[in-house]
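First up is the structure itself, then whatever we jot down about it.
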Amino acid sequence: MTAQEVRLCGLLLQEHFGDVVEKVGTHLIRSGVLTLRALAHETKLPLDLVKKSLCVLMQHGMCAFGAGRRGPAGPVEYHIICEHILHMLRYPRYIYTAKSLYGDTGELIVEEILQRGQMTMSSTVKTVADRLTHNMPEGQSMDYSEVVSAFSRLVETHFLQRCPPMASAGSSSSEAVNTPLPVWSTRMVYIVPVKIELMHKCQGKRRRSSEDGEAEQRAAKKTKTDNSERGDEGIYWQVNFQRFHLHFRDQAIISAVSCKLDQTSSEIVRTMLRMSEVTTPAHAAFTQALSANEIFRALPFSYNIARPILDQYLTLLVNDPMEFVGRTGDSGGGMYVVNLHRALANLARATLESVVQERFGSRSARIFRLLLRKRHLEQKQVEDFAMVPAKEAKDMLYTLLSENLVQLQEIPKTPDYAPSRTFYLYTVNQLPTARLLLQHCYKTVGNLIERRLYETKENKRLLEKSQQIEAILASLQATGAEAAQLTEVEEMITAPERQQLESLQHHINKLDSSENQVDETIFLLESYINSTQR
Amino acid sequence: MTEVKVKKESTDPVDIENRIKELCLQFPHGITDQVIQNDMPHVEVQQRAMAINRLLSVGQLDLLKNSNGLLYRLKDAQSASKVKGSDNQEKLVYQIIEDAGNKGIWTRDIRYKSNLPLTEINKILKNLESKKLIKAVKSVAASKKKVYMLYNLQPDRSVTGGAWYSDQDFESEFVEVLNQQCFKFLQSKAEAARDSKQSPMVQRNSSFATSHEVWKYICELGISKVDLSMEDIETILNTLIFDGKVEMTIIAAKEGTVGSVDGQMKLYRGVNPIIQPTGLVKIPCGLCPVFDDCHEGGEISPSNCVYMAEWLDF
């Protein structure tokens, strides 16, 4: 865990869960694995607070426990899964994706599950239906079956998955967890995907059948029913982050293809990716091979491309230097795959080039791209290829070198590395540079969050005042006051204060949205680095 | 009794010299001492040596050394007349410079080859320059270095830098202008291809331009005072590739089609970048020059960052 990642995790934990959880969490990240007693002792917090914080973290899947160093007989040790904490940055993007794919219902389902960490299907459905009904005009109510169908669709496409079951769900007392459960639960995780297909169907059908009956009975009423009636105790669902990530990756590839080539090619690539969504394993380098016949049949109706034209488009995609699509065989009119790892590498490379361009200018970007292409070059060759005057080229190369974006490789002619008799070659390594930039991104997001907290703190007095005034207004309206009284209360906020409030709102919105923008860069770089590690 | 008079051949020095010169003409590659001896056996070693020395000093004979020994060669009449009046050292230096051809030679190298002290070399070089026999050319690689070459020779490309250098200065604006013109040409070609709405294969093929076409276009534009060759245009197109605006493919072409080199042709076409500027650069932190010094609680921190303050009010 790098220092920047730890800092960012701490800020995120504090924002979402508060100071106590933040303290426990950051301490656990820094120490690696700890037992409960050691954790309580080192953070100097009371034991029950520590237990509760660990509960919260486990509920959200950020903390895991396992048999300690002394074996199953010894105390259990806890460790933090940092990636899951960093995924908190991406929650808005997950919710937005669910909205665009499955509408408001899907959006609310994902939002609820993200907020609670893990939920049973019945409670999710109930909460979401209530929320939707609350926002609808009077007299209408949300049908439970719609919510259930949205839920099952989310599970079918693997966006939601079951949590690995535990014998004592929700309890974190050391005695209960001391049993040899942990080993068993790791095995259960592997069985989850299969169970998703089987169990959810039964669940879904069971839910639908039972709820259809009940829904008819209370069609227009919003009565509360007990959880225990549902009968799906102990089956909790969580968001499948990996699936969302695959979806984002596909989106990035499709938009790159449409920028580089044209709309139709991107539609073809979208079809190919959609067809191989559920069959391709998560970290594969290529999708499943698809024949041209299958692609032709699966194309959306509106596109109406003739078969030979489709073949031409596929040939163009294969011959493109970016190599998004490759041809692996000739059966069925040609077998085609999407080169996932190659596409990720190209996207990461474009990200690096864009950062250099914006930061140092287009000439430095030219030198950077030149070094990426030609691998190793001498100073003189860099000047010649890039057509940049010698002095400026030297200046730019040294700047890039000081920022560690470019490395120097020495090749000696003599065993003593005498400078006059050594070749000095400039080179760019894509992977280490991507890692460096990723750390920069983490630091940047940390800076943004800190700035936001600072802005809020500075204007605390003003915010509190405006909140009080709103509360007074609301109560006055509820008791039916006259217009004069309302305006009098409103004027308690002066005009400059109002302006200040507005600008504060504007600042905070801007900082929020920029966090999301940096998160896009983080996602691309993270996917690229992960793809090279398999 | 007949008086046998052994005819004594004339040992006139001039005759010896002329005889040597004739021998040289007979053997243009050079004659060894042995050959002269065979031809004129009666001439004594001393006289022979004197004759050869005289010819050398006058500059009509060249002294060369090969694996077998010394060779004498007749010097070219013209060059002989040129250096008439110069002394031996000057002739030596002149010869070294001549041998360097049109790449020129540096003073230190002249010193190594002739083994003369530096002061002598400088004097000789000044002398030769005033006689307009040699000239100094500034090298573009190291601006302080001067290379000497014969007066009437054109300096080689590597010394002056070729088409992109005028008077030892790199012509950045010229390169930039050419860069933009080539890019505009390729871009408009790609646009035309895209708008033609034909089948994708035809569209792609028509958006390509060969390097020959680009060269012709630039020549016809007439923005260049210097004649540019196709290689020059290709270097410009390579810079466009490194700018990420253009991509290149090589296809096999029949020998003899216009613009093909060794049976290949290079095709270029304009492309769009595959992603928009990435999220990190939309934030001041992504471009901040003091990014590494920024910590919470320090002189530079997110809370008091002036760049952020300006950016937020934007």
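The chymotrypsin sites (Phe, Trp or Tyr not before Pro) of the stretch A:263-304 include none that meets both criteria, a DSSP state outside H, G, I, E and B (loop) and at most 12 other C-beta atoms within 10 angstrom of the site's C-beta.
About its Cα centre, what dipole magnitude does the stretch A:433-533 give when the only charges are +1 on Lys and Arg Cβ and -1 on Asp and Glu Cβ, stated in debye to the nearest 20? Present the calculation step by step, with values, prior to reporting the outcome.
Numbers: 10 positive and 16 negative charges, 111 e Å.
Computed about the Cα centre, the dipole is about 540 debye.
Mean sequence separation of contacting Cα pairs (under 8 Å, at least six apart), scaled by the length of chain A, corresponds to a relative contact order of 12 percent.
Tell me the net charge near residue A:14. Cut-off is 10 Å between Cβ atoms, residue A:14 excluded, with +1 for each Lys or Arg and -1 for each Asp or Glu.
Numbers: positive: A:23; negative: A:15, A:19, A:22.
Residues near residue A:14 contribute -2 overall.
Could you tell me which of rounded, prolate or oblate describes the stretch A:244-338, using a ≥ b ≥ c as the square roots of the eigenvalues of the alpha-carbon gyration tensor, with rounded for a/c under 1.5 and, failing that, prolate when a/b is larger than b/c and oblate otherwise?
Details: a/c = 1.38, a/b = 1.20, b/c = 1.14.
Verdict is rounded for the stretch A:244-338.
Sorting A:5, A:294 on solvent-accessible area from highest to lowest, probe radius 1.4 Å, gives A:294, A:5. Of the complete DSSP H runs in chain A, those spanning 24 angstrom or more by Cα along the long axis with a mean Kyte-Doolittle score not below -1.0 are A:181-217, A:241-260, A:340-360, A:430-458, A:460-478, A:495-533. Considering only A:21, A:128, A:97, the residue lying farthest towards the positive end of the dipole of the stretch A:1-133 is A:21, judged by Cα position with unit charges set on Cβ.
Rounded if a/c is under 1.5, else prolate if a/b is larger than b/c, else oblate: which is the stretch A:381-431, with a ≥ b ≥ c the root eigenvalues of its Cα gyration tensor?
On the way: a/c = 2.13, a/b = 1.41, b/c = 1.51.
Oblate, since a/c reaches 1.5 and b/c is not below a/b.
State whether the stretch A:433-533 is rounded, prolate or oblate according to the following rule on the C-alpha gyration tensor (a ≥ b ≥ c being the square roots of its eigenvalues): a/c under 1.5 gives rounded; otherwise a/b larger than b/c gives prolate, and the remaining case gives oblate. Taking the square roots of the gyration eigenvalues as a ≥ b ≥ c, the stretch A:433-533 is prolate.
The mean number of partner chain beta-carbon atoms within 10 angstrom of a residue's beta-carbon across peptide B:302-314 is 4. Going from the chain on its own to the full set of protein chains, the stretch A:488-519 has these residues losing 40 Å² or more of accessible surface (heavy atoms, 1.4 Å probe, no ligands, DNA or RNA): A:507, A:510, A:517.
For residue B:173 and residue A:341, what is the calculated FRET efficiency with R₀ set at 45 Å and r taken between the beta-carbons, to the nearest 0.05?
Computed FRET efficiency for residue B:173 and residue A:341: 0.60.
Over chain A, dividing the summed -39,500 (n - 2.57) contributions of all DSSP H runs of at least 4 residues by the number of residues returns a 222 nm mean residue ellipticity of -22000 deg cm²/dmol. When only the Cβ of Lys, Arg, Asp and Glu is charged (+1, +1, -1, -1), the dipole of chain A relative to its Cα centre reaches about 1800 debye. Between residue B:248 and residue B:299, the simple spin-label model (points 7 angstrom out along Cα→Cβ) gives 4.8 nm.
For the stretch A:244-338, the dipole from Cβ point charges (+1 on Lys and Arg, -1 on Asp and Glu) about the Cα centre works out to 120 debye, to the nearest 20.
Ranking A:362, A:266, A:420 by solvent-accessible area of protein heavy atoms (1.4 Å probe, all protein chains present), from largest to smallest, gives A:420, A:362, A:266. In this simple spin-label model, placing a label point 7 Å from the Cα along the Cα-to-Cβ direction at both residue A:469 and residue A:399 gives a separation of 4.8 nm.
Note down the Stokes-Einstein diffusion coefficient of chain A in µm²/s, whole number, using a Kirkwood radius over alpha carbon pairs, 4 °C, and 1.567 mPa s.
Working: Rh = 27.7 Å.
This corresponds to a translational diffusion coefficient of 47 µm²/s.
Counting Lys and Arg as +1 and Asp and Glu as -1 over every other residue whose Cβ lies under 12 Å from the Cβ of residue B:304, the net charge comes to -4. When A:423, A:241, A:151, A:360 are compared by accessible area of protein heavy atoms, the largest-first order is A:423, A:360, A:241, A:151, using a 1.4 Å probe. Heavy-atom accessible surface of residue A:123, to the nearest 10 Å², is about 20 Å², with a 1.4 Å probe and all protein chains retained. Here each label is just a point 7 Å from Cα along the line to Cβ, and for residue B:152 and residue A:101 those points are 8.3 nm apart.
Can you give the accessible area buried between chains A and B, summed over both chains, with a 1.4 Å probe, in Å² to the nearest 100?
4700
In chain A, taking the dipole from charged Cβ atoms about the Cα centre, the farthest positive-side position among A:276, A:387, A:479 is held by A:387.
Note on A:388-398: average number of Cβ atoms from other chains within 10 Å of each residue's Cβ is 2.
I'd like to compare A:59-72, A:15-28, A:341-354, B:117-130: which one has the highest average count of other Cβ atoms within 10 Å, and what's the full order after that? Numbers along the way, then the final one.
Numbers: A:59-72: 16.7, A:15-28: 18.6, A:341-354: 21.4, B:117-130: 14.2.
Ranked by mean Cβ neighbours within 10 Å, highest first: A:341-354, A:15-28, A:59-72, B:117-130.
Between residue A:408 and residue A:495, the FRET efficiency estimated from the beta carbon spacing at R0 = 35 angstrom works out to 0.05.
The values are calculated or read from the model by the stated rules, or taken from the named source; none is laboratory data. None of these values were measured; they are calculated from a predicted model. For neighbour counting, all protein chains shown are included, and Cβ atoms are generated from backbone atoms with ideal geometry for every residue, glycine included. Heavy atoms of the whole protein, side chains included, go into the accessibility calculation; ligands, DNA and RNA do not. Shrake-Rupley method; radii C 1.70, N 1.55, O 1.52, S 1.80 Å.
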